[in-house]
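Before any comments, here is the structure.
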Amino acid sequence: MTGGSDGLPLLEIPELTAYADGGAHPLLEHVELAVPAGAVVAVVGPSGSGKTTLGLAALGASRSGVRLAGRVLLDGTDLMTLTPVRRPAARAGRAAHLPQHPESVLDPVRRAGGALTELAALGHPGRTARKAAARRALNSAGLEWESVRRRFPHQLSGGQQQRLALASALVTGARLLVLDEPTSGLDPALAHALGTTIRRLADEGVGVLLLSHDLPMVRRTAERVIVLEHGRAVDQGPTADVLGAVPGPLPFAAERHRATRELVAAERPTGPKGAPGTAAAPDRQDSEGVVAREIVVRRGSADLLAGPVSMAFPPGSRTALLGPSGSGKTTFARVLAGLTTPTRGETAIDGRPLPARIDRRTAAQRRIVQYVHQNSAGSFEEHRPLIEQLAATARLLRGLRHEEATAEATATAESLGLDAALLLRTPSRLSGGQLQRCALVRALTARPVLLICDEVTSALDTVSRRRVLDALPALLAPADTALLFISHDVPAVRALTADAVLFDAGRCVRRGSLEDWTP
């Protein structure tokens, strides 16, 4: 492998420590790594282990309230010695970052084509060259120029936003890419294509620091892997040695750290397979549950949900909704939750129509459908402790007293692997995977008639993912809640339900058993 200038790695971190709360709590402890040109180095570990903090630190950056100590050499330049004003110039055209939450880097008032063309100016002189670079970046990220260039970020699906953010990182021609959970929200075909793109970029001399819980992606793309736990590198080496060449029992497992063994062992969920429907509780035996009738969503000349889509969610039922990115899954979910107004059709509860808009639903009606969407970070108040936000749902929608609501939210969080102490923190202090589980807790405490989970395992490591899938059936039982589980993760779907619905191009194209389903 070639190195950076003068034979140095593109990125070298001889030693790095990160502190929060004025130095009281280390987020990273004495981490070392190097990323040569033409190499992919992956960092894996449980949610909250410090992956995102490390990814930001690799660019000399940190979240508010986090202090870095050590050295971060980008192509020989120590970013830690530069002022915050000078660091962006030192990174420009040399390093690019894809964050875990793509909406944080997408300008909500700029169309995709114009924003990408402007970013291309960092590495490409002339308008023609910039536009060509923007096209190439979109194509490498799995998007077509003509289909997205006039769209704003909010008009794209979660997976499309992820790919647009990736194109924003690629368009500058940077020699080092820091990719934080790049496959989150992508369907299997796009995730596979992204892996191919990462390997091609590495073969062309780009260095990649890949932060991921997607172990199959790591095996396909990375030469070396580092395992983080509680901010410490507890295991590292060639990928095949650390994670095994294929999923399954680790060869020489005794030589690997406990955290590594747990991540590999939990790759395939083993939760109980649910039936497509279960017997309703005594007080729900006459309930039809939530029903969507003839839903169509059109915006201008575009059919976001061509439909018409009709679907019923009786008490205790579990429905999986599959389909490629941009197929209309999230649009349909948002209609049910009152977040997107349909052009045609309605959502009803026990035969009574629900107002199409959430702001026109009463508190009792808002409780009926709870929606946990993929990118959870933006749904929390920044400066308010999480436990207060989680307990508020049960207080406002169910009338529980503060103490009761707090106790229930805490117990639900602990069942999903979130320690009570974490809930005393503000959202910025938690990882993406931890916030994703907090969003699930908040929805569950409403005791909804229908819970919609939109890619709620996408930011989770394998151990946390298994815990969520194992715990979810019992958490749904008290209110006999129906579940709509939207996911690209077919093994996770199989752990929860036997049946599924497939969307493609805004239409429902298949319903039935998962027995012969091809991922």
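The values are calculated or read from the model by the stated rules, or taken from the named source; none is laboratory data. Quantities reported herein were computed from a predicted structural model and do not represent experimental measurements. FYI the Cβ positions are ideal-geometry reconstructions off the backbone, even for glycines, and counts take in every protein chain you see.
Condition check: in a helix (DSSP H, G or I), outside the structural domain of residue 327 (by TED's automatic domain parsing) and either in contact with a Ser or Thr (Cβ under 7 Å, 6 or more places away or on another chain) or surrounded by fewer than 22 Cβ atoms within 10 Å (Cβ to Cβ) (or both). Does residue 83 satisfy that? Against the criterion (in a helix (DSSP H, G or I), outside the structural domain of residue 327 (by TED's automatic domain parsing) and either in contact with a Ser or Thr (Cβ under 7 Å, 6 or more places away or on another chain) or surrounded by fewer than 22 Cβ atoms within 10 Å (Cβ to Cβ) (or both)), residue 83 does not qualify. Scanning the range 208-221 for residues that are in contact with a Lys or Arg (Cβ under 9 Å, 6 or more places away or on another chain), outside the structural domain of residue 465 (by TED's automatic domain parsing) and in a loop (DSSP other than H, G, I, E, B) turns up at least one hit. Just one of the numbered conditions (1) crowded, with 24+ Cβ neighbours inside 10 Å; (2) touching a residue at least 60 places away in the same chain (Cβ under 8 Å); (3) within 28 Å of residue 304 (Cα to Cα) is not true of residue 457: (2). For the range 62-74, state whether one or more residues are at negative phi, crowded, with 19+ Cβ neighbours inside 10 Å and not in a strand (DSSP E or B). No, there is no match, as no residue in the range 62-74 is at negative phi, crowded, with 19+ Cβ neighbours inside 10 Å and not in a strand (DSSP E or B).
Can you name the residue in the range 32-47 that is of a type outside the set (A, V, I, L, M, F, W, C) and closer than 10 Å to residue 461 by Cα and is also modelled with the highest pLDDT among such residues?
Per the criteria, the residue is 45.
In the range 211-230, the qualifying residues are those that are free of Cβ contacts under 8 Å to residues at least 60 places away in the same chain and under 19 Å from the mean Cα position of the chain (by Cα), and the one that is farthest from residue 101 (Cα to Cα) is 216. For first residues located in the range 231-249 and farther than 16 Å from residue 45 by Cβ and in the same structural domain as residue 39 (by TED's automatic domain parsing), partners that are among the basic types (Lys, Arg) and assigned to a loop (DSSP other than H, G, I, E, B) and lie 6+ apart or on another chain with Cβ distances below 9 Å form the pairs 241/256; 247/268. With respect to (1) at pLDDT 90 or above; (2) within 12 Å of the chain's Cα centre (by Cα), the lone exception for residue 440 is condition (2).
With respect to residue 413, is the statement that it is touching a residue at least 12 places away in the same chain (Cβ under 8 Å) and either assigned to a loop (DSSP other than H, G, I, E, B) or in contact with a Pro (Cβ under 7 Å, 6 or more places away or on another chain) (or both) true? Against the criterion (touching a residue at least 12 places away in the same chain (Cβ under 8 Å) and either assigned to a loop (DSSP other than H, G, I, E, B) or in contact with a Pro (Cβ under 7 Å, 6 or more places away or on another chain) (or both)), residue 413 does not qualify. Of the set (1) touching a helix residue (DSSP H, G or I) at 6+ places or on another chain (Cβ under 7 Å); (2) without any contact (Cβ under 8 Å) to a residue 60 or more places away in the chain, all apply to residue 158 but (2).
The residues of the range 143-189 that are assigned to a loop (DSSP other than H, G, I, E, B), acidic (Asp, Glu) and either over 16 Å from the mean Cα position of the chain (by Cα) or more than 18 Å from residue 35 (Cβ to Cβ) (or both), listed by number, are 144, 187.
For the range 299-323, filtered to residues that are at pLDDT below 90, of a type outside the set (Ser, Thr, Tyr) and out of contact with any Phe, Trp or Tyr (no Cβ under 8 Å at 6 or more places or on another chain), the residue that is nearest to residue 514 (Cα to Cα) is 307. Would you check which residues across the range 454-486 are over 18 Å from residue 46 (Cα atoms) and among the β-branched types (Val, Ile, Thr) and list them? Result: 481, 486. If only residues of the range 94-115 that are touching a residue at least 60 places away in the same chain (Cβ under 8 Å) and among the aliphatic types (A, V, I, L, M) are counted, the one that is surrounded by the fewest Cβ atoms within 10 Å (Cβ to Cβ) is 105.
Looking across the range 34-61 at every residue that is within 25 Å of the chain's Cα centre (by Cα) and in a strand (DSSP E or B), the one that is surrounded by the most Cβ atoms within 10 Å (Cβ to Cβ) is identified as 44.
Here residue 142 fulfils each of the conditions (1) surrounded by fewer than 17 Cβ atoms within 10 Å (Cβ to Cβ); (2) at pLDDT below 85; (3) under 23 Å from residue 304 (Cα atoms) apart from (1). Residue count for the range 94-129 satisfying the condition of being assigned to a loop (DSSP other than H, G, I, E, B) and either in the same structural domain as residue 431 (by TED's automatic domain parsing) or at negative phi (or both): 16.
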